[in-house]
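Here the structure is laid out as structure tokens; the discussion comes afterwards.
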Amino acid sequence: MKKTTVLLFIVSITTLFAMCRKAQPFSEDSYDERLSGGIATIFDETSRAFTHAISGLSDNDMHAHELGDAAFEQTYVSAPAPVNSGLGPIFNNVSCISCHHNDGKGTPTAGDVTSSLLFRISTSDMNDFGGPAGMSGYGGQLQDNSVFGKQAECKVNISYSNVSYTYPDGETVTLRKPTYTMQNAYMHITGAYSLSPRLAPPVFGLGLLENIPESTILSYADENDADHDGISGRPNYVYNAETKRKELGRFGLKANTATVKTQVAGAFNQDMGITSSIVPVESCFGQPQYDGRGDDPELPDSILNAVAFYVRTLAVPARRNVTDPEVKHGKDLFNQLNCSGCHKPVVQTGVDLTLPAISNQRIQPFTDLLLHDMGDGLADNYSDFLASGKEWRTAPLWGIGLFEKTNGTPYYLHDGRARTIEEAILWHGGEAEQSKTKFSQLSKADRQAVIKFIRSL
Ligand SMILES: [Ca+2]
Ligand SMILES: [Ca+2]
Ligand SMILES: [Ca+2]
């Protein structure tokens, strides 16, 4: 063989081998860190940051999204009415948007129009589906509003007492601890009960979270803490009223709902008093306020589906200041403190053939969607399917740096007790105790870097 032929042979063999090699994943550094929702990311830092549709929706899909958007913002009225009918007889608020401000977090006030803190109530028993048993005369949620001529179940008064936290370096922070008391109860409550305060969380990016493979979420669980890092994390399994099966819980503050659609149907029913095919019985069934309208569901399936689709197709806001040295330092610390043990910085979504924009995306949700024991400080002593009275779902941190803009005044944690990100961190206990303690031992400058990083999400 001639020299050139040999060379050509070698070159072609090498090329062939290179071509046959399995595709290598990109290295972490080659991704654009701003893209929290993969291609379902939107660049907007205003109060409207959470309100955009993911790009690339077909005309038909965009139409469904807009229909859902309108229904999400609509104020509902009591039946009978030609449109947006069915509110009440008892309810918490008149529209989805009045709790999920700008599709974001709510405000912990009682009774006023912006009020987005609601209370679940339960005995220590379970219902037939393994969920929390409601109270006789009250059901599972306290409705603090009613239509004309009907009685609300009660008001819940919120008061705060100050608790002082002192860092090892001597700096102190004032935390507020809430106390809730039922007032103007429409009927006497008998027996012991626990209340679970829940502040409306943001609703963007949920199609992506719904599309995370179950196996990925389960791979994060370490129920017996086999790796001894103090973090266990376990899945919730909840009853799905649509499929009539027990399924992995992803939504709700205790991962107490399986799908966006059942969450939305539950919200229409419990938060607004509007029945649907999935939850066809009025929230006050069997109570004196019941209006006896046991007829067709008040909400057509077309609107229920559109609202669920709207929520599933809300884009995730891009990160900001990702190249700022202090933010980058904060990111390293966040990982070193093992905040990332629960708040997963990078997750891959699965495939949904109907929605390419949320399929196979590298997302940065900063949650594992698992339940964690967060200690006595955050406990509500209310169990929700498998979630204990101390367990909460890891709050997704994407978009958290924009809460000030989307909500006016920001509030953090499940009940909005924290007024700053720092306060939210200092309430961490239980499985997060080690992370919190390490955070408290940082220098003030390093603590601020962690907070600055979180504000960039
Ligand atoms: Ca109704
Ligand atoms: Ca109720
Ligand atoms: Ca562990």
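Laboratory data are not the source of any read-out in this text; all were calculated from the coordinates shown. Here the structure is a predicted model, which is why all the values come from computation and not from measurement. Cβ: placed from backbone, ideal geometry, glycine included. Neighbour counts: every protein chain shown.
Ordering Ser388, Tyr290, His343 by the projection of their Cα atoms onto the charge dipole of the chain, which places +1 on the Cβ of Lys and Arg and -1 on the Cβ of Asp and Glu, puts His343 at the extreme positive end.
Separation of the alpha carbons by more than 27 angstrom is noted, of Lys177/Lys452; Lys155/Lys244; Lys254/Lys444, for Lys155/Lys244; Lys254/Lys444. Near Asp44: Cβ cut-off under 14 Å, other residues only, Lys/Arg at +1 and Asp/Glu at -1. The net charge is +3. Only Lys, Arg, Asp and Glu carry charge here, each on its Cβ (+1 for the first two, -1 for the last two); on that basis the chain has a dipole of about 1020 debye about its Cα centre.
With all projection directions averaged, the alpha carbon convex hull of segment 38-455 covers 19.7 nm².
Using a simple charge model, +1 on the beta-carbon of Lys and Arg, -1 on the beta-carbon of Asp and Glu, nothing else, what dipole does segment 63-163 show about its Cα centre, in debye to the nearest 20?
260 debye
Spin-label pair Gln183-Ser30: with each label point 7 Å from Cα along the Cα-Cβ axis, the two points sit 6.1 nm from one another. To the nearest ten degrees, helix 444-455 and the longest principal axis of the Cα atoms of the chain are 80 degrees apart. Using the alpha-carbon centroid of each, what span in Å lies between segment 62-87 and segment 218-296? Segment 62-87 and segment 218-296 have Cα centres separated by 22 Å.
Quick one: which of 303-316, 354-367, 216-229 comes out on top by average Cβ neighbours within 10 Å, and what's the full order, highest first? Spell out each step's value before the answer.
Values: 303-316: 24.3, 354-367: 20.4, 216-229: 12.9.
Those peptides, ordered most packed to least, come out 303-316, 354-367, 216-229.
Computed on the Cα atoms alone, the convex hull of segment 237-309 gives a volume of 98 cubic angstrom per residue.
Between the listed residues Leu304, Thr166, Gln441, the Cα displaced farthest toward the positive end of the dipole of the chain, a dipole computed from Cβ unit charges relative to the Cα centre, is found at Gln441.
Label reach from Arg176 (point 7 Å along Cα→C-beta): in segment 193-223, no amide nitrogen lies under 12 Å. From helices alone, the chain scores -7000 deg cm²/dmol at 222 nm; the rule is -39500 (n - 2.57) for each run of n ≥ 4 DSSP H residues, then divide by the residue total.
For the listed peptides 122-133, 428-439, a ranking on the average number of other beta carbons within 10 Å per residue, highest first, reads 428-439, 122-133.
Each of Met272, His228, Ala241 was placed along the dipole of segment 210-298 (beta-carbon charges, centred on the mean Cα), and the one lying farthest toward the positive end is Ala241. When DSSP beta bridges are restricted to pairs lying wholly in segment 38-455, around 90% turn out antiparallel.
Summing charges over neighbours of Asp169, with a neighbour being any other residue whose Cβ is under 13 Å away from its Cβ, gives 0 when K and R count +1 and D and E count -1.
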